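Everything below concerns the one structure shown next.
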Amino acid sequence: MLGLMQSQPLLISGLIDFAERHHGDAEIVSRRVEGDIHRYTYKDSAGRARQVANALDALKLAFSDRVATLAWNGYRHFELYYGVSGSGRVLHTINPRLHPDQIAWIANHAEDQVLCFDLSFLPLVQAVHAKCGTIKHYIALCDADKLPVDSGIPNLQSYEAWISPQPAQYTWPSFDENTASSICYTSGTTGNPKAALYSHRSSTLHAYAAALPDVMCISARDAILPVVPMFHVNAWGIPYSAALTGAKLVFPGPALDGKSIYELIEAEKVTYAAGVPTVWQMLLTHMKPAGLKFSTMRRTVIGGSACPPAMITAFRDDYGVEVLHAWGMTEMSPLGTLCTLKNKHDALSDEEKMKIRLKQGRAIYGVDMKIVDAEGGELPWDGKTFGDLLVRGPWVVREYFKNEGGDPLVYSGADGKEGWFPTGDVGTIDPDGYLQITDRSKDVIKSGGEWISSIDVENIAVAHPAVAMAACIGVAHPKWDERPIVAVVRRPGMDVTREELLRFYDGKIAKWQVPDDVVFVEAIPIGATGKMLKTRLREMLRDYALPT
Ligand code: ADP
């Protein structure tokens, strides 16, 4: 017997419709690329999202066609989130920090038809457009009078000129909630970047879950500042959860330095902010010497990399701000676990509470997780035994876009059909269900919240005629969390200096992905299967210190 309730598909257009109707006057404030502050309401934004949908129809874009963005967090980007996905197209948020060649590769792989970009990325678009064969329309996210002349970019028009002739009336189409809504590439693992293709259903369920009290706890009483970029896993879903709850949204635009963020928090009475540890490091570094305090900030969610204990303590003791430590990944939309305490922890001392807060937290309902040994056998939740972390759930990828990399899942269960996504993270789970990430089995380095593929770094090094072997590892860094260094074995009788090798990286990868140092070694330890033993190499370089 089937239930007799209405079956309305979970569509992203429903979120903006709801926001307009139920909290249409809640504000969305953005620092623009131009430097000034723009403010309007959810109601204004909903109308403009419908203009975007009409403008896409006018371009004759088909259902599921991809519309790319190279944009900071701001109101126009927010309108694209809804106008593109709501009208049945797929929003492709490109990470502008990638190397131009990688951006072109991604745009071609996604077969983007339109590219909307902030003017800060004009030189980038000028550098890549000739390589992006599928893109037919370029939209600069600016007023008509700010449109660059003689840019050399074909079919370039300003966003305002593009949408202004379009009516603000539009009937959002209804379709299967499993339809693709947005796409996000992750360059984390080896080989070419792979994309998570989110659906309306996965994004909406994630938006509900993210807002829960024990998750990000977003409500209509919050003014929320997503510092985490909208080009990085949909800013952890905040643009959706904010519309769902009616939280005021404050977008930082391109100004991510400590001073600008602090001023925005104070001016807009932000209660809640989200970002990677590096951003908060810059904020605290700005605030401390000047003796600055927050007047409204109460909570911050920190994820993307392990949150350093000193940061949790500083926020708590010096500023009265509660840190919520979060763990997730692009393949998980991204939220997996959030660290909030349980009722039974009330009586614990501050020190004992801190031990828990440092963990990555408890699984959100909707995410099933387990740790397994090398044979795939499930390991106990004792807080001590560590194993490979597997996840599954309605907002976890089943496969990558275009089946890139084949079937990523590992299978278990009585019938061998339970598909679990291997996260590439290693951790423990305690009896209360708190996950603690202890290591990474994937060969990548995360610097300031962004990926550096150690394989890419090694491949470039060994392309140098004087290099016989190279191994890239991450070294702890006070500001960037981790920085890459490369250990190199020279070819017999050949020479290369540290400076020459570092120069060899010029133009081959993004500047921030170039290793901080080269360490010349006699040999790189090799394991039984012929693979480089990076654990051993890390031990060998235990006393190594990064150049200052
Ligand atoms: P995001 O940075 O949004 O979490 P990514 O896909 O870029 O998404 O990165 C996911 C990876 O980042 C995880 O698999 C893990 O290795 C690392 N990571 C994310 N959050 C944490 C955290 N809180 N602690 C430790 N590592 C983390």
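Report the gain in length on full extension from Lys402 to His345: 0.36 nm times residue separation, minus Cα-Cα distance, nm rounded to one decimal.
Between Lys402 and His345, full extension yields 15.9 nm more.
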Problem set entry | the chain, accessible surface, carbon-and-sulfur percent (1.4 angstrom probe) | 53 percent
For this session: Determine which lysines satisfy two conditions relative to Lys508: a Cα distance under 27 Å, and not lying fewer than 8 residues away in the same chain.
Result: Lys131, Lys194, Lys402, Lys442, Lys446, Lys479, Lys531, Lys534
For this session: Using Cα positions and a limit of under 17 Å, work out the lysines in reach of Lys269, with same-chain residues fewer than 8 apart set aside.
Result: Lys248, Lys259, Lys293
Seminar exercise, completed: Phi angles of segment 79-89, converted by Karplus (6.51 cos²θ - 1.76 cosθ + 1.60, θ = phi - 60°) into ³J(HN,Hα) in whole Hz with x for Gly and Pro, give 4, 5, 3, 8, x, 6, 5, x, 8, x, 8
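With the other protein chains left in place, how much accessible area per residue, in square angstrom, belongs to the chain at a 1.4 angstrom probe?
42 Å²
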Exercise. Measuring from label point to label point, each 7 Å out along Cα→Cβ, what is the His477 to Arg316 span in nm?
Worked result: 2.9 nm
For this session: Just tell me which aspartates and glutamates come within less than 13 Å, Cα to Cα, of Lys353; anything on the same chain fewer than 8 places away is out.
Result: Glu322
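Rounded to two decimals, what is Rg over Rh for the chain when you use alpha-carbon atoms and the Kirkwood radius? Please report the intermediate quantities before stating the final value.
Values: Rg = 23.6 Å, Rh = 24.6 Å.
Using only Cα positions, Rg/Rh for the chain is 0.96.
Which FRET efficiency value, to the nearest 0.05, do you get for Lys293 and Asp495 by plugging their Cβ-Cβ distance into 1/(1 + (r/R0)^6) with R0 = 41 Å?
Numbers: r = 55 Å, r/R0 = 1.35.
That pair, Lys293 with Asp495, gives E of 0.15.
Rounded, prolate or oblate, given the Cα gyration tensor of segment 367-441, with a/c below 1.5 counting as rounded? Can you show the working numbers first?
On the way: a/c = 1.93, a/b = 1.65, b/c = 1.17.
Note, shape of segment 367-441 comes out prolate.
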Exercise. Taking amide hydrogens as modeled 1.01 Å from N in the peptide plane, which residues meet the under 5 Å criterion relative to Thr340, leaving out close sequence neighbours?
Worked result: Arg362
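Loop-only check: which chymotrypsin sites (Phe, Trp or Tyr not before Pro) in segment 463-548 are DSSP coil with at most 15 other Cβ within 10 angstrom? Please report the intermediate quantities before stating the final value.
Numbers: sites: Trp480, Phe504, Tyr505, Trp512, Phe520, Tyr544; in loops: Trp480, Tyr505, Tyr544.
Passing both the DSSP loop test and the Cβ count: Tyr544.
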For this session: May I ask you to compute the full-extension gain from Asp439 to Lys417, defined as 0.36 nm times their residue separation minus their alpha-carbon distance, rounded to one decimal in nm?
Result: 5.2 nm
Problem set entry | Rounded FRET efficiency, nearest 0.05, which uses the C-beta distance separating Lys146 from Lys60 and R0 of 35 Å | 0.85
Seminar exercise, completed: A student applying the Cα gyration tensor rule (rounded when a/c is under 1.5; otherwise prolate if a/b is larger than b/c, oblate if not) would label segment 445-540 oblate
Exercise. What nm distance separates the two modelled labels at Lys43 and Lys353, each placed 7 Å from Cα along Cα→Cβ?
Worked result: 4.1 nm
Problem set entry | Contour excess over end-to-end distance, with Cα ends at Ala374 and Thr171 and 0.36 nm allotted per residue | 67.9 nm
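Just order 33-41, 142-150 by mean Cβ neighbour count inside 10 Å, highest at the front, would you?
Details: 33-41: 14.0, 142-150: 12.3.
Put in order of decreasing packing, that is 33-41, 142-150.
Please find the FRET efficiency linking Arg503 to Met1, where r is the Cβ-Cβ separation and R0 is fixed at 45 Å, and quote it to the nearest 0.05. Before the final figure, lay out each step's value.
Details: r = 71 Å, r/R0 = 1.59.
Approximately 0.05, to the nearest 0.05.
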Problem set entry | Calculated SAXS-style log₁₀ I(q)/I(0) at q = 0.16 Å⁻¹ - segment 113-249, Debye, Cα scatterers | -1.14
Exercise. Name the trypsin sites (Lys or Arg not before Pro) in segment 487-538 that are in a loop by DSSP and that have at most 16 other C-beta atoms within 10 Å, would you?
Worked result: Lys508, Lys531
Exercise. How many angstrom lie between the C-alpha centres of segment 374-421 and segment 173-188?
Worked result: 21 Å
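The values are calculated or read from the model by the stated rules, or taken from the named source; none is laboratory data. Bear in mind the structure is a predicted one, so any value in this text is a computation, not a measurement. Here the Cβ is made from the backbone with ideal geometry for all residues, glycine too, and neighbour counts use every protein chain on show. Areas reflect the complete protein model, heavy atoms only, side chains present, ligands, DNA and RNA absent. Shrake-Rupley method; radii C 1.70, N 1.55, O 1.52, S 1.80 Å.
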